[in-house]
Each structure stands twice: as C-alpha cells, then as structure tokens.
Amino acid sequence: MTNEWAEFKAYTEQPTYTATRKSDTTYLGRFTFDMIAEFSGFGRILTIIARGNLFHDKKGAILDGNPYERIDHVRKALCAWCSVPDKKKSSDPPVDFRELSADFPELVDKNGIGWFYRHIKSVIRFVKEHPDLVSKSASKKCEGISKGFTAQWKKKVHQLQVPIFALNTKGAWTLRYDDIIADALALGPLRTEDYLLSEKEKKQLESVNIDGVPKEVITDLVCYYLANKADDTDWVVLPVANFDAFYGNNNLSKKWLAKIPKSLIVRENRHGVSRFRTVI
C-alpha cells in the first residue's frame, strides 16, 4: 500500500484473470466485490491514476515542467479510464470517450470500452466460465453486480463530471474530476518504493502481540501511517476498502481492525471519513 506506483500500474495495466483455488481472488485485481458493488474506494483509485499522469512518464520517472499545464491531459486520462460504450452517444455529459483511444490506448479502446468497464466485464466472464475456481459467495456477488452494472456506472461517470461550483447534483456520490485533480496536485508524485521501518520502529513492533491479527498487517498499517503523516496533524486517512483490495479479502474491515487495541492504533470517523493514528 505504500508503493503507489505499483498501485497505479495495477489500475492501468492488463490484469491477470486466474485463480488456483476457490479462495484465490487474483482475477479481481486490486478490487473486492464489495468495492465494485458499492463503488467504494474510488477516491483513492482515481487520485492515484491522476497523480500517475500528472507527475510521471510511462516508466515512472518524474516529468519536467509545470504539472498545472497537464491538467487537461489528466482529465482526459480519467475520462478514458471511466469510459462506457454508448452507441447512441446521447448522454449529456458524455460517458463514451472512444475518441481518446489514440492517446490512451491502455485506458480505452476504439469502441469506448474503458479500463474499469472492461475489467468488470472480464471478472464477470471469468466467474461464469470457471465455477470450479470461484466460491459460491463470489458467484452470488458477481451475479448481483452483473445486473444493471452498465447503467449504474454510467450514472457515476455522469456525476464525476458535475462542475465544481454546481449548486445542485443528482445522487449522493460526491466524487468529481475537479476534486480528484485538486487532490492529485496537492499530494504530488507517487511514491515509487515501499516504505521501510527503521530499526527502532521494528523493535517497537516486535513487542506487540495481538492474537488474530497477522503481524504483517500491523506492520503495513504502521508503515502506511508513517509514510503519509503530514507535519500539521497526527491523523491519516485510512482507505479501508483499498486495504481490503490489497489483501484480496475483507478480513481487515470485517475482523482485524476491531481486534487492534487503542494503545497501538486509534481510529475515528469524521464526516464519513475513516482516519487513524498510531503510537509508533
């Protein structure tokens, strides 16, 4: 979770649709069924994509020049990633961005199929074609997602394009391209390496013994906190849905977080945002 460039590639490169057993969710990529069904965790996903296009070339090197001059390029990249085929092209604002396929061939094809839309359709197809490799729960969740997914995603793509100063919006999804790009500019380039604990921090964690929570999970949370803590606050936003996707299951949100004592990690929710701090 601290190597943001690896995360960017997971959202923009071709996923591997495979599984070796029913508990293996490799075919989902860096998503969970809950994320797809509820459209949760997309604030981080889209901001990572925006930062990757604002500050980096295709190999991850930092781009020269003023990132503000690349805002239009980044908006087009986000539109391409979110694109949904619309043969009639009657949507206002549009949801089909096939005209961007020449500039962003990895994000949208000439038929208007964007990266995310293609990924979800590929996941649905994999689950249907390999019932022996997916759990009954996964099959049931996938069946629910497949019903009306295109219409729901089109609605979200509409909402993403609501002008930042619009007085009225339809729907409760508050994500907008304008906000995403603003966050990307504020956060700066992606971290291209994993955050590593110092020897002192490692020794502090060695004394921690929490039954039922893997030690690597505690380490990941502490690393994420230290890598993202700003100088003017002790709190860091905790992207729980994205952490679940990183682990390939919902164990963090459903089981592990509740078992971590406040003496190590303190969490709270403010205005619908989960944040945390640690004593390490």
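Of all residues in the range 227-255, those satisfying the criterion of being buried (at least 16 other Cβ atoms within 10 Å of the Cβ) and either over 20 Å from the mean Cα position of the chain (by Cα) or of a type in the set (Asp, Glu) (or both) are TRP235, ASP244. Among the residues of this structure, PHE126 counts as one that is among the aromatic types (Phe, Trp, Tyr) and over 16 Å from the mean Cα position of the chain (by Cα). Taking the conditions (1) within 28 Å of ARG191 (Cα to Cα); (2) among the aromatic types (Phe, Trp, Tyr); (3) surrounded by fewer than 22 Cβ atoms within 10 Å (Cβ to Cβ) in turn, PHE116 satisfies each one other than (3). How many of the residues in the range 233-280 are part of a strand (DSSP E or B), among the acidic types (Asp, Glu) and in contact (Cβ under 8 Å) with a residue 40 or more places away in the chain? Residues in the range 233-280 being part of a strand (DSSP E or B), among the acidic types (Asp, Glu) and in contact (Cβ under 8 Å) with a residue 40 or more places away in the chain: 0 in total.
Scanning the range 113-151 for residues that are under 14 Å from ASP86 (Cβ atoms) and out of contact with any Leu (no Cβ under 9 Å at 6 or more places or on another chain) yields ILE113, TYR117, THR150, ALA151.
Read the figures in this text as sums done on the coordinates, not as results from a lab. Since this is a predicted model, take the numbers as computed values, not measurements. Note: ideal-geometry Cβ built from the backbone for every residue, glycine included; neighbour counts use all protein chains shown.
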